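Shown next, in structure tokens, is the structure this report addresses.
The values are calculated or read from the model by the stated rules, or taken from the named source; none is laboratory data. Because the structure is a prediction, the values reported are computed rather than measured. Cβ placement follows ideal geometry from the backbone for every residue including glycine, while neighbour counts extend to all protein chains displayed. To get the accessible areas, we keep the full protein, side chains included, count just its heavy atoms, and leave off ligands, DNA and RNA. Shrake-Rupley method; radii C 1.70, N 1.55, O 1.52, S 1.80 Å.
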Amino acid sequence: MPMKLYERKFGQQGIPIVPMLDILTILLIFFIVHTEFKRQVSVLKLDVPQTHHLAGSQGDKNSILLEVGDDGSIGFNGKRIPAEQLVTAVRELLLQNPQARIQVSAAGGSSMGRFVEVLDTLTAAGLDVEEIPVRIDYQP
């Protein structure tokens, strides 16, 4: 009788499910912990003053109002003008009246992008936007 030197072992039949479930559980916990749940993120936090805090001076002929409306329209010195003509209008006004002071008033519903465009336009016209008073009419 021949002598057996090793015993033949049969491999496992099927796929090992329990280790896969352990790995999937660990991955699930990892993704839950490291995923930022969808929530409203405020990019720019502003403490906007209410309109009753900002009293304007009426009757000053050197004070010019530039308004940004809810719909993105621009009003300059009481007239609606296209955004492309704002630089020209500001330069003409400053040539006619060098003492003129421009005040910017933005409606609470106007887009921030349009407001920044207006400030960029005033910079292009040669004004220092840090010295321009800004009023944001915010109605909660």
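Might you let me know whether the stretch 58-68 holds any residue that is in contact with a Gly (Cβ under 6 Å, 6 or more places away or on another chain), open to solvent by less than 70 Å² (accessible area, probe 1.4 Å) and at pLDDT 80 or above?
No; the residues of the stretch 58-68 include none that is in contact with a Gly (Cβ under 6 Å, 6 or more places away or on another chain), open to solvent by less than 70 Å² (accessible area, probe 1.4 Å) and at pLDDT 80 or above.
Residues are listed down the side, and each one gets a yes or a no for (1) open to solvent by 80 Å² or more (accessible area, probe 1.4 Å); (2) in contact with a Gly (Cβ under 9 Å, 6 or more places away or on another chain); (3) over 14 Å from G72 (Cα atoms); (4) among the β-branched types (V, I, T):
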| residue | (1), (2), (3), (4) |
| --- | --- |
| A83 | no, yes, no, no |
| P98 | yes, no, yes, no |
| M112 | yes, no, no, no |
| T121 | no, no, yes, yes |
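Would you say L93 is closer than 15 Å to S63 by Cα and touching a strand residue (DSSP E or B) at 6+ places or on another chain (Cβ under 8 Å)? Before you say what the answer is, go through the steps one by one.
Values: closer than 15 Å to S63 by Cα: yes; touching a strand residue (DSSP E or B) at 6+ places or on another chain (Cβ under 8 Å): yes.
Taking the combined requirement at face value, the residue satisfies it.
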Taking only pairs six or more apart or across chains, which ones have beta-carbon atoms under 6 Å, a first residue in the stretch 67-82 that is farther than 16 Å from I136 by Cβ, and a second residue that is in a loop (DSSP other than H, G, I, E, B) and among the polar types (S, T, N, Q)? R80/S73
Does the stretch 27-41 contain at least one residue that is modelled with pLDDT under 75 and either in contact with a Phe, Trp or Tyr (Cβ under 8 Å, 6 or more places away or on another chain) or closer than 24 Å to I136 by Cβ (or both)? yes
In the stretch 68-97, which residue that is part of a helix (DSSP H, G or I) and within 25 Å of the chain's Cα centre (by Cα) is nearest to T123 (Cα to Cα)? V87
